[in-house]
Each structure stands twice: as C-alpha cells, then as structure tokens.
2 protein chains.
Amino acid sequence: MKIGEIAKKAEMPVKTVRYYADIDLVSPNGRTDAGYRTYNDAALRKLVFIRHARAFDFSIEECRELLGLFTDQQRTSADVKSIAQKRLAQIEAKQTELQSLHDELAHLVGACRGDNRPDCPIIDYLG
Amino acid sequence: MKIGEIAKKAEMPVKTVRYYADIDLVSPNGRTDAGYRTYNDAALRKLVFIRHARAFDFSIEECRELLGLFTDQQRTSADVKSIAQKRLAQIEAKQTELQSLHDELAHLVGACRGDNRPDCPIIDYLG
DNA sequence: ATAAACCTTACAGCAACTGGAGGGTAAAGT
DNA sequence: ACTTTACCCTCCAGTTGCTGTAAGGTTTAT
C-alpha cells in the first residue's frame with residue numbers, strides 16, 4: 001500500500017500519515033525503489049486507532065502510550081483504564097470551565113440591549 | 001510604569017505584555033533612554049480588558065476587535081453583542097462536542113474491568 | 001508522448017505564548 | 001564607591017499537531 005491508499009482507508013490526509021511517519025508514531029514497513037513509503041495492514045489498524053483516539057482528544061504522546069499498550073501482549077486492562085480515566089478527568093475539568101464561561105457570557109449577552117446606543121454591559125464588565 | 005509593574009498590575013507575565021507590544025495589540029506609550037518600555041494607565045486598562053476577554057477564550061484577533069470597540073466612541077452595543085453572541089455559539093458547540101466525547105469515554109471506562117487481564121473494551125473500541 | 005495523478009523532501013506558518021541565551025541598566029545594600 | 005540583585009532588552013528556538021507551498025521525481029492513463 002502506498003501512502004495515498006492507506007490515507008484514504010484510514011480517513012486522514014496524506015500529510016498526516018507522513019507526519020506520523022516523521023515522528024515515528026506509525027512507520028512505513030519499507031520504501032519502493034523510487035523512495036515511496038509502503039504500508040501494511042498493521043499500520044492501517046494503527047492509523048485508525050489513532051484517529052479514534054485523537055477524536056477523544058488524546059494527545060499524540062498519549063496515543064503513543066496507548067499504541068504501546070495496544071500492541072503489547074503483556075498489558076493489563078488496568079493500564080489502559082488508568083490512561084482513559086485520566087483523560088476523562090481532563091474532559092470533565094474542561095466541561096466545568098466551559099460551563100462557567102458559558103454562564104457568565106450568556107448573562108452578559110442577555111443584559112446587553114444590542115441597540116445602537118453605545119453603553120454596553122459586556123464592555124463595562126470586560127473593561 | 002515599566003513593564004514589570006504593569007505586568008504585575010495586569011496580572012500577566014512580563015513576557016506576555018512584551019508579546020502584546022510586538023503584535024501591536026497594546027503598545028507602550030514610549031521608551032526610556034535605556035530603551036525600557038513605558039506604559040500608562042490606559043494601557044493597563046487594555047491589558048486587564050484583554051485578560052478578561054482571553055479568559056472567555058476570545059482569540060487575540062477577537063480581542064483586537066473588541067478593543068477597537070472598547071476605545072471607539074462610535075460603537076453601538078449591538079456591535080459588541082454580535083461578537084459576544086458569535087463567541088457564545090462557539091462555546092455551546094464545543095460543549096456539545098465535549099459532552100458526547102465524555103459520554104462515549106465514560107461508557108468505555110465503565111465497561112472496562114481494569115484488572116490485570118489483557119482484554120479491554122477501550123482498546124477493542126479504539127482498535 | 002504527454003498529461004494527470006501521485007510521490008518525495010524541505011521549509012514556512014498557524015496560535016499564543018514560553019524559555020533561554022547573552023547582554024545592558026537601575027536600585028539597593030555595604 | 002562598589003557589588004549584588006533585580007530588572008530590562010533583543011533575538012532565537014520550541015511548544016502542538018498539523019497544513020500549505022515550492023520544487024522537484026515517478027507512475028499511470030490516454
């Protein structure tokens with residue numbers, strides 16, 4: 001499989017696949033005579049794995065860690081769960097933060113008449 | 001006021017104040033003979049304004065826009081409200097996204113026994 | 001034969017800073 | 001007066017996770 005084909009199957013840009021190769025996250029299994037990267041099905045599974053993990057906002061380094069567990073026969077589900085729980089806690093923290101952000105801003109927007117007079121509680125609050 | 005003083009009053013790192021000067025977001029009103037940036041109270045108010053707006057995840061460009069309105073006597077509250085509403089919609093979209101992320105991941109974490117056996121629904125799902 | 005589609009590397013850029021090197025200056029202590 | 005400490009300066013590199021572009025080489029289809 002050349003890079004275009006695996007990228008299509010993994011549903012990500014060619015650039016991204018090449019980037020993952022550059023940072024040694026998912027390496028091609030070889031090169032053609034012309035220097036084209038060649039990939040196998042194992043690489044495809046890794047890319048799909050990463051796409052899913054990235055959708056969960058796992059960082060690249062977390063993906064690397066998870067990928068290690070993914071291919072490690074010795075891993076325990078506790079290892080994986082612990083990483084996922086850490087991520088979940090991060091998400092929950094972000095949610096809380098976003099909620100108070102939302103509430104404050106919504107309050108200000110609600111208080112602003114939005115007419116063509118210059119006085120505005122949003123500006124007052126921010127300033 | 002020199003940069004250290006205004007940074008302290010505005011509650012942000014000196015580096016950040018210097019950065020805002022570099023990108024012409026908040027310029028010093030002059031320089032000392034030695035080349036030190038000098039700031040006045042108007043600059044301080046702008047920095048505080050920006051810190052608040054940034055806490056709402058307004059981008060620097062949005063801050064620039066808001067700052068323009070802030071100092072523009074001709075602005076109407078409708079101008080400001082429209083920017084704030086746009087931002088509110090972005091926050092709400094992010095919240096929805098984060099919620100489904102949370103639910104999916106929480107489901108997976110809940111399904112994982114987290115013992116020392118290798119089979120793990122999180123890995124199964126991601127792979 | 002040639003054009004389109006594909007591949008390569010290498011560098012630049014995004015946002016919004018942060019850190020560090022390598023210096024000059026000012027304020028405070030002795 | 002001298003030294004230490006605390007500031008200040010510029011410039012460059014790095015962060016994250018790519019994406020865009022330039023300037024080429026290769027393969028495939030017509």
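If the viscosity is 1.306 mPa s and the temperature 10 °C, what Stokes-Einstein diffusion coefficient in µm²/s follows for segment B:47-86 when Rh is the Kirkwood radius over Cα pairs? Rounded, D is 156 µm²/s.
Where Lys and Arg each count +1 and Asp and Glu each count -1, what net charge lies around residue A:64 among other residues with Cβ under 13 Å from its Cβ?
Around residue A:64, the charge tally is -3.
Distance between the modelled labels on residue A:9 and residue B:52, one decimal in nanometres: 5.6 nm (7 Å Cα→Cβ projection). The string of couplings for segment B:55-67 from the Karplus curve (6.51, -1.76, 1.60, θ = phi - 60°) is 5, 8, 6, 5, 6, 4, 5, 5, 4, 4, 5, 4, 4 Hz, one whole number per residue in order, with x for Gly and Pro.
Taken as Cα centroids, segment B:1-60 and segment A:99-127 sit 24 Å apart, rounded to the nearest whole angstrom. Among the protein heavy atoms, those of residue B:119 account for about 80 Å² of accessible surface (1.4 Å probe, every chain in place). Here the 3J(HN,Hα) profile of segment B:6-15, calculated from phi with Karplus coefficients 6.51, -1.76 and 1.60 at θ = phi - 60°, is 5, 4, 5, 5, 7, 6, 8, x, 3, 3 Hz, Gly and Pro shown as x. Rounded to the nearest angstrom and listed largest first, the equivalent-ellipsoid semi-axes of segment A:1-75 from its Cα gyration tensor are 21, 14, 11. Going down the list A:86/B:86; A:9/A:81; B:9/B:86; A:8/A:46; A:15/B:94; B:9/B:46, which pairs span over 21 Å between their C-alpha atoms? Over 21 Å Cα-Cα: A:86/B:86; A:9/A:81; B:9/B:86; A:15/B:94.
Compute the Kirkwood hydrodynamic radius of the protein assembly as shown, taking the inverse of the mean of 1/r over all pairs of distinct Cα atoms, and give it in Å to one decimal.
Value: 22.1 Å, from the Cα pair sum.
Evaluate the relative contact order of chain A (contact order divided by residue number), counting alpha-carbon pairs under 8 angstrom at least 6 apart; express in whole percent. Computed over chain A, the figure is 15 percent. Taking amide H as placed 1.01 Å from N in the peptide plane, residue A:38 has its amide H under 5 Å from the amide H of A:29, A:30, A:31, A:32, each at least 5 places away in sequence or on another chain.
To the nearest 10 degrees, how steeply does helix A:77-111 sit against the main Cα axis of chain A, on a 0 to 90 scale? Its long axis makes an angle of about 30 degrees.
As a test of the formula, what do you get for chain A when each DSSP H run with n ≥ 4 contributes -39,500 (n - 2.57) and the sum is divided by the residue count, at 222 nm and rounded to the nearest 500 deg cm²/dmol?
-21500 deg cm²/dmol
Expressed in Å, the radius of gyration and Dmax of the Cα atoms of chain A are 22.7, 70. Highest mobility in the GNM of chain B, judged by mean-square fluctuation with C-alpha springs under 10 Å and restricted to B:66, B:98, B:47, is found for B:98. Between the listed residues B:109, B:78, B:96, the Cα displaced farthest toward the positive end of the dipole of segment B:76-127, a dipole computed from Cβ unit charges relative to the Cα centre, is found at B:78.
Distances from residue B:59 to itself in the other copies, using label points 7 Å out along the Cα-Cβ axis, amount to 2.3 nm in increasing order. For segment B:76-127, the spherically averaged projection of the C-alpha convex hull amounts to 4.6 nm².
The values are calculated or read from the model by the stated rules, or taken from the named source; none is laboratory data. Computed from a prediction, not measured in an experiment: that's the story for all the values here. Note that each Cβ is placed from the backbone with ideal geometry, even for glycine, and that neighbours are counted across all protein chains shown. Heavy atoms of the whole protein, side chains included, go into the accessibility calculation; ligands, DNA and RNA do not. Shrake-Rupley method; radii C 1.70, N 1.55, O 1.52, S 1.80 Å.
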